[in-house]
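A.B. asks: The structure's right below; bear with me while I get my questions together.
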Amino acid sequence: MGLQSFLFYYFAIVIIATAALTVSRRNPIHSVMFLVPCFIHTAGLFLLLGAEFLAAIQVLVYTGAIMVLYLFVVFLLDLPSFRIKKITHQQTPLAVLAGLVLVVQIIVLTVVAVFPRPAAEVKAPYFLGNTEAVGASLYTTFLFPFELASLVLLVAIFGAVVLARRERGEELP
Amino acid sequence: MENLGPTLTILLTLVRIVLVMTIALLSVPVMVWVERKVSGHIQNRHGPLYVGPIGTLQPFADALKLLLKEDITPANVDKTLYYLAPLMAFVPALMTFSVIPFGPWLKIADVNIGVVLILSVSSLGIYGLVMAGWSSNNKYALLGSLRSSAQMISYEIALGLSVIGVLMHSRSLSLVQIVQRQAETTWFVIPQFLGFVLFTVAAFAETNRLPFDLPEAEQELVAGYHVEYSSMKFAMFFMSEYVAMLSQACVLTVLFLGGWLPFPIIGPLVEGLLPAVVVEWVMPLFWFFLKVGGFMFFYVWVRWTFPRLRYDQLMALGWKVLLPLALFNVFLTGFIRLSL
């Protein structure tokens with residue numbers, strides 16, 4: 001087993017294990033904390049594929065920013081555990097259904113689909129300056145979706161400002 | 001390097017890793033001593049005097065004291081996270097040194113995403129603080145950690161944006177190439193002075209140093225996120241703060257102050273007097289650590305010069321001053337580069 005495939009299986013196993021732990025923890029903080037290594041190891045998979053810019057952005061955006069916001073939300077909600085239990089139990093039928101659909105899809109894909117090559121065997125990085133590659137494709141081929149995404153984010157910012165804004169002299173709710 | 005064979009290359013890399021980590025860790029006692037000594041003289045007292053010549057062994061005495069203290073685990077803490085938190089703060093701070101080049105030969109790795117890697121790794125340090133605050137089951141600790149994470153997220157944006165001007169000049173994310181580009185042109189502090197100032201301010205906030213040390217704010221929060229920590233676990237937080245300071249100073253030196261390049265006029269004069277071997281192997285490190293050391297002194301100097309900001313002032317400075325200025329800097333740099 002070469003170093004590449006060894007690293008691939010290491011990342012894959014850790015990703016699956018931490019993902020399983022994320023959904024099985026009772027304590028929401030622990031769930032979030034298990035998702036952090038999961039995202040970092042996903043970045044490792046990107047690195048194996050030679051997409052180092054994507055890997056760094058994955059860590060920067062997902063683990064460095066989004067997961068911290070998740071932690072904030074969990075801190076601020078602070079649901080008592082019996083209510084969490086109740087909510088989780090209400091969701092059970094729907095969750096089982098969604099899970100089954102996903103499992104069937106994964107099985108069908110692994111049986112039917114033809115992968116060009118197994119991810120573990122991808123050798124040398126095939127686009128070397130991939131920072132430039134990402135930049136070039138964002139500003140040429142995918143310019144419209146890219147600008148559209150930024151517009152959506154702008155609307156989200158406006159939404160947050162409108163929600164949080166108070167007129168002068170208005171009391172805190 | 002490339003034609004040495006795999007075994008020797010791995011061995012050389014290991015030696016480099018050990019060297020860089022030793023420098024990073026040994027700088028902590030040096031910085032502690034400088035901090036205490038400079039603080040003392042700024043306040044018109046002597047600072048440490050008795051342990052070792054002019055108090056140089058004081059940090060080691062401090063470390064021994066911390067090691068021998070009782071390691072207390074308060075009741076009702078979340079044990080796993082409480083024990084992991086100091087590590088989660090310490091490891092990311094140390095990891096940034098994997099891409100920082102100290103000199104042409106003393107660097108662990110030269111990756112072509114260096115700057116993004118440093119930003120992303122140092123953004124992981126937040127988890128240590130947040131988890132320390134949450135797991136210790138103490139409201140002061142939790143408030144301190146919430147404050148620090150809000151502060152770090154806010155200033156990370158200004159920090160990242162202030163670097164973009166440098167990247168526009170260097171056209172590379174690799175730290176080694178950024179230094180080489182400065183050797184060809186000039187130190188980026190000159191064309192990027194605004195970016196330099198913004199980066200410095202944001203670096204102070206990112207490392208939770210005064211005037212931005214609200215997470216610790218003794219008067220209101222006792223000691224912030226690490227209030228429940230004692231002994232070596234507290235020392236880990238302490239060390240990670242110093243290592244993070246050193247790493248920010250190194251990044252600043254590489255990005256704006258020409259890394260290991262000699263000073264413009266004095267540099268060639270000094271190097272002309274020395275044998276070629278010394279100039280090639282020792283002088284780059286000397287210049288690098290001279291700049292880093294100067295910036296570390298600046299850290300201490302600022303600490304005793306400015307009072308702490310209020311929390312709303314801190315947020316206003318981050319979002320209403322630094323962020324627009326950083327965006328303006330990007331715009332200005334683009335304009336200048338296009339018109340040249």
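A.B. asks: Filter region B:101-112 down to the residues that are buried (at least 24 other Cβ atoms within 10 Å of the Cβ) and either farther than 30 Å from B:Leu285 by Cα or of a type in the set (A, V, I, L, M, F, W, C) (or both) and list them by number.
C.D. replies: Answer for region B:101-112, where residues must be buried (at least 24 other Cβ atoms within 10 Å of the Cβ) and either farther than 30 Å from B:Leu285 by Cα or of a type in the set (A, V, I, L, M, F, W, C) (or both): just B:Phe102.
A.B. asks: Right, here's the next one. Filter region B:189-203 down to the residues that are open to solvent by less than 10 Å² (accessible area, probe 1.4 Å) and under 30 Å from B:Ser145 (Cα atoms), then identify the one that is farthest from the chain's Cα centre (by Cα).
C.D. replies: B:Gly195
A.B. asks: Cβ-Cβ below 8 Å, separation at least six or inter-chain, first residue in region B:168-188 and at positive phi and surrounded by fewer than 19 Cβ atoms within 10 Å (Cβ to Cβ), second assigned to a helix (DSSP H, G or I) and at pLDDT 85 or above: which pairs?
C.D. replies: From residues that are at positive phi and surrounded by fewer than 19 Cβ atoms within 10 Å (Cβ to Cβ), the pairs are B:Arg171/B:Arg181.
A.B. asks: Which condition number does A:Arg117 fail, the rest of (1) at pLDDT 80 or above; (2) out of contact with any Pro (no Cβ under 8 Å at 6 or more places or on another chain) being met?
C.D. replies: Failing condition for A:Arg117: (1).
A.B. asks: Pick from A:Leu102, A:Leu128, A:Leu153: which is modelled with pLDDT under 85 and open to solvent by 80 Å² or more (accessible area, probe 1.4 Å)?
C.D. replies: Every option except A:Leu128 fails the conditions.
A.B. asks: Would you check which residues across region B:109-125 are closer than 15 Å to A:Ile66 by Cα and more than 9 Å from chain A (Cβ to nearest Cβ) and list them?
C.D. replies: Answer for region B:109-125, where residues must be closer than 15 Å to A:Ile66 by Cα and more than 9 Å from chain A (Cβ to nearest Cβ): just B:Gly125.
A.B. asks: Continuing with this model, one more query. Quick check, is B:Trp134 in contact with a helix residue (DSSP H, G or I) (Cβ under 9 Å, 6 or more places away or on another chain), more than 13 Å from chain A (Cβ to nearest Cβ) and not basic (Lys, Arg)?
C.D. replies: Considered against the rule, which asks whether it is in contact with a helix residue (DSSP H, G or I) (Cβ under 9 Å, 6 or more places away or on another chain), more than 13 Å from chain A (Cβ to nearest Cβ) and not basic (Lys, Arg), B:Trp134 comes out as no.
A.B. asks: Sticking with this one: Pick out the one residue from B:Leu49, B:Leu25, B:Leu64 that is assigned to a helix (DSSP H, G or I) and exposed (fewer than 14 other Cβ atoms within 10 Å of the Cβ).
C.D. replies: B:Leu64
A.B. asks: Find the residue count for region A:57-76, including only residues that are within 17 Å of A:Ile29 (Cβ to Cβ), free of Cβ contacts under 8 Å to residues at least 12 places away in the same chain and open to solvent by 40 Å² or more (accessible area, probe 1.4 Å).
C.D. replies: The total comes to 5.
Every residue, every condition in (1) farther than 24 Å from A:Phe8 by Cα; (2) under 10 Å from the mean Cα position of the chain (by Cα); (3) more than 10 Å from chain B (Cβ to nearest Cβ), yes or no:
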residue: A:His30; (1), (2), (3): yes, no, no
residue: A:Phe34; (1), (2), (3): no, no, yes
residue: A:Phe46; (1), (2), (3): no, no, yes
residue: A:Ala56; (1), (2), (3): no, no, no
residue: A:Thr63; (1), (2), (3): no, yes, no
residue: A:Ile66; (1), (2), (3): yes, yes, yes
residue: A:Phe72; (1), (2), (3): yes, no, no
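A.B. asks: Could you figure out which of (1) buried (at least 20 other Cβ atoms within 10 Å of the Cβ); (2) out of contact with any helix residue (DSSP H, G or I) (no Cβ under 6 Å at 6 or more places or on another chain); (3) closer than 20 Å to B:Asn112 by Cβ isn't true of A:Met33?
C.D. replies: (3)
A.B. asks: Do you know which residues across region B:92-134 are within 13 Å of the chain's Cα centre (by Cα), outside any loop (DSSP other than H, G, I, E, B) and closer than 24 Å to B:Gly259 by Cα?
C.D. replies: Matches in region B:92-134: B:Pro92, B:Ala93, B:Leu94, B:Met95, B:Thr96, B:Phe97, B:Ile118, B:Leu119, B:Val121, B:Ser122, B:Ser123.
A.B. asks: Let me ask another. Given the options A:Leu3, A:Leu21, name the one that is open to solvent by 40 Å² or more (accessible area, probe 1.4 Å) and modelled with pLDDT under 90.
C.D. replies: None of the other options fit; the residue is A:Leu3.
A.B. asks: Something else: So B:Gln182 passes all but one of these: (1) farther than 15 Å from B:Phe256 by Cβ; (2) polar (S, T, N, Q); (3) more than 12 Å from chain A (Cβ to nearest Cβ). Which condition number does it fail?
C.D. replies: (1)
A.B. asks: Right, something else. B:Gly128 fails exactly one of the following numbered conditions: (1) surrounded by 24 or more Cβ atoms within 10 Å (Cβ to Cβ); (2) under 21 Å from B:Leu214 (Cβ atoms); (3) facing chain A (nearest Cβ under 7 Å). What is the number of that condition?
C.D. replies: (3)
A.B. asks: With the condition kept exactly as written, say whether any residue in region B:154-169 is away from every other protein chain (no Cβ under 14 Å), closer than 30 Å to B:Glu228 by Cα and at pLDDT 85 or above.
C.D. replies: No, region B:154-169 contains no residue that is away from every other protein chain (no Cβ under 14 Å), closer than 30 Å to B:Glu228 by Cα and at pLDDT 85 or above.
A.B. asks: Filter region B:54-80 down to the residues that are in contact with a Ser or Thr (Cβ under 6 Å, 6 or more places away or on another chain) and free of Cβ contacts under 8 Å to residues at least 12 places away in the same chain and list them by number.
C.D. replies: None; the set is empty.
The values are calculated or read from the model by the stated rules, or taken from the named source; none is laboratory data. The shown structure was predicted, so the numbers you read here are calculated from the model rather than taken from an experiment. Please note: Cβ atoms are built from the backbone with ideal geometry, for glycine as well, and neighbour counts cover all protein chains shown. The area values use the complete protein model at the heavy-atom level, side chains included, leaving out ligands, DNA and RNA. Shrake-Rupley method; radii C 1.70, N 1.55, O 1.52, S 1.80 Å.
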